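Some notes on the structure that comes next.
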Amino acid sequence: MAIAGIDLSDTAFWGLPLADRAAAFALLRAQQRPQFFAEPEAPFSEKGPGYHALVRYADVVEASRHPEVFCSGKGATNIVDLPAEFNEYFGSMINMDDPRHARLRRIVSHAFSPRMVARFEDDVRRAAAEIVDDLLVTGPCDFVQHVAARLPLKIICGMMGIPDDKYEMVLTNTNIILSGADPEFLSEDLDKAVTQVLGAGQALADLVTGLATDRAQASTEARPGDLVTELVTANIDGEQLTTAELASFFILLVVAGNETTRTALSHALMLFTEFPEQRALLLADLENRIEGAVEEVVRYASPVIFMRRTLTCDYAINGQDYHEGDKTVLFYYSANRDEAVFADPEQFDITRSPNPHVGFGGAGRHYCLGAHLARRELTVMLRELLTRVPDITAGEPDRLLSSFINGIKHLPCQFAG
Ligand code: HEM
């Protein structure tokens, strides 16, 4: 592959086999300076100025450390700017800068602290055990549908107090929102696709607004202890979420919390199939090695491929100049394979230490709010799965066509059971 042949804005690039994509990113990292790409066509806005692809670990980390320069609020964190009507639903804290970002994060972060997540630990264990019970009854099946998609959905809906009969609707709408360019979920007619995405946002916003109204009206004694109740009644230094903020935060949570964790779980099965010696190593000392295994799955899979930042002023990082208004795209997927930081990066190594991956984002203000929860879900599920179904293996994955989520739509699994 030649450098001139690499176009990260071409949908076809994201349909290439993973090994070819990894080779392309290795070539991009070897260049003197970050490459500049024209933007992909988008149905909802004018074509923008293009972007610098930050593919080296050092650049991604440096940009993450300076959110006052590399901001998230100008036109959002997608490559193409989001128009105002999209921001209404999808514009939560991930697309904000301080002071609005800090205010929202202050109100909601308590609900995701390790102490709060510990409250849900039993639910996570119970849900994982039930999913594996069902898997053993079902037999070889689509791992995404029967295992990977179920746990995060059940946990996030449980935390929010969403009734079981709404799970399917939440799943369908989050699939639409994060479908990238994949025709399985989104129409190929661009106008129709925009209507579908906005409709999905509206449906989820209606769901949570309804729940919030019920919770706000309930008497203090009658209020259940779920996250929606926490959020509608949270009052941090006199600050509360508005209904619109609650709706867009909820959408961010279900979208960010479901697809990512599901993707990590599906990759985990593929990785433990491709690297059987790593499965044996893990099973030989599960309690001591599971934490490292989860970190390595997130590094290797990099479920979130990138986030964009926009320059608020002229700035130089690692000897390269950028100008106010420039778009930079932080490729976490590539940073997690940077040979300068990770020896033999294409080797899946559950004992890798240290493992300072940026799978949950670079350290800084936007570091994943759900990282602790995601780590718990992955730990509990992998422990349950690999001890109770130790011979489970993955077949050929059907991958999501997306530059943003390294997703797996379907994954056949086999086991003797
Ligand atoms: C393996 C699973 C996960 C991965 C790989 C992941 C990845 C990420 C990444 C890369 C970011 C950084 C965004 C940026 O740089 O702008 C992020 C932010 C975020 N994540 Fe996660 N995530 C995961 C699970 C979760 C879960 C389970 C939740 C919640 C239930 C969650 C909620 C969020 C939120 C709310 C933000 C925005 C934080 C902010 O802007 O301050 N994530 N995540």
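The values are calculated or read from the model by the stated rules, or taken from the named source; none is laboratory data. Model, not experiment: these values are computed from the prediction. Quick reminder, even Gly has a Cβ in these numbers, built from the backbone with ideal geometry, and neighbours come from all protein chains shown. Note: areas computed on protein heavy atoms with side chains; ligands, DNA, RNA excluded. Shrake-Rupley method; radii C 1.70, N 1.55, O 1.52, S 1.80 Å.
Annotations
- Residue match in the range 221-242 (condition: in contact with a strand residue (DSSP E or B) (Cβ under 6 Å, 6 or more places away or on another chain), more than 11 Å from the ligand (Cβ to nearest atom) and either of a type in the set (A, V, I, L, M) or under 22 Å from Ser353 (Cα atoms) (or both)): no
- Of all the numbered requirements in (1) open to solvent by 10 Å² or more (accessible area, probe 1.4 Å); (2) in a helix (DSSP H, G or I); (3) modelled with pLDDT of 90 or more, Val124 misses one, and that requirement is (1).
- Summed over the range 127-163, the residues that are assigned to a helix (DSSP H, G or I) and over 18 Å from Ala268 (Cβ atoms) give a count of 11.
Residues are listed down the side, and each one gets a yes or a no for (1) open to solvent by 40 Å² or more (accessible area, probe 1.4 Å); (2) within 11 Å of the ligand (Cβ to nearest atom); (3) at positive phi:
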| site | (1), (2), (3) |
| --- | --- |
| Ala280 | yes, no, no |
| Tyr322 | no, no, no |
| Ala335 | no, yes, no |
| His372 | yes, yes, no |
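- Being more than 21 Å from Ser113 (Cβ to Cβ), touching a residue at least 24 places away in the same chain (Cβ under 8 Å) and open to solvent by 60 Å² or more (accessible area, probe 1.4 Å) holds for only one residue in Glu384, Glu339, and it is Glu339.
- Condition met for Arg103 (more than 14 Å from the ligand (Cβ to nearest atom), among the basic types (Lys, Arg) and surrounded by 14 or more Cβ atoms within 10 Å (Cβ to Cβ)): no
- Of everything listed in (1) more than 14 Å from the ligand (Cβ to nearest atom); (2) surrounded by fewer than 24 Cβ atoms within 10 Å (Cβ to Cβ); (3) not polar (S, T, N, Q), the single unmet condition for Ala256 is (1).
- Unmet criterion (only one of (1) away from the ligand (no atom under 15 Å from the Cβ); (2) surrounded by fewer than 19 Cβ atoms within 10 Å (Cβ to Cβ)) for Ala53: (2)
- Residues being of a type in the set (S, T, N, Q) and exposed (fewer than 15 other Cβ atoms within 10 Å of the Cβ) - total across the range 1-44: 2
- Index of the failed condition, Ala84 passing every other in (1) under 22 Å from the mean Cα position of the chain (by Cα); (2) surrounded by fewer than 21 Cβ atoms within 10 Å (Cβ to Cβ); (3) of a type in the set (A, V, I, L, M): (1)
- The residues listed here are Asp326, Asp314, Asp344; of these, the one that is in contact (Cβ under 8 Å) with a residue 12 or more places away in the chain and open to solvent by 10 Å² or more (accessible area, probe 1.4 Å) is Asp326.
- Qualifying positions in the range 374-417 - closer than 26 Å to Thr77 by Cβ and away from the ligand (no atom under 16 Å from the Cβ): Arg399, Leu401, Lys409
- Looking across Ala301, Ala268, Ala284, Ala293, one residue alone is of a type in the set (A, V, I, L, M, F, W, C) and over 21 Å from Pro397 (Cβ atoms). It is Ala284.
- Whenever a residue of the range 285-296 is in contact (Cβ under 8 Å) with a residue 12 or more places away in the chain and of a type in the set (Val, Ile, Thr), its partners that are open to solvent by 20 Å² or more (accessible area, probe 1.4 Å) and part of a helix (DSSP H, G or I), lying with C-beta atoms within less than 7 angstrom and at least six residues away or across chains, give the pairs Ile290/Arg383; Val294/Arg375.
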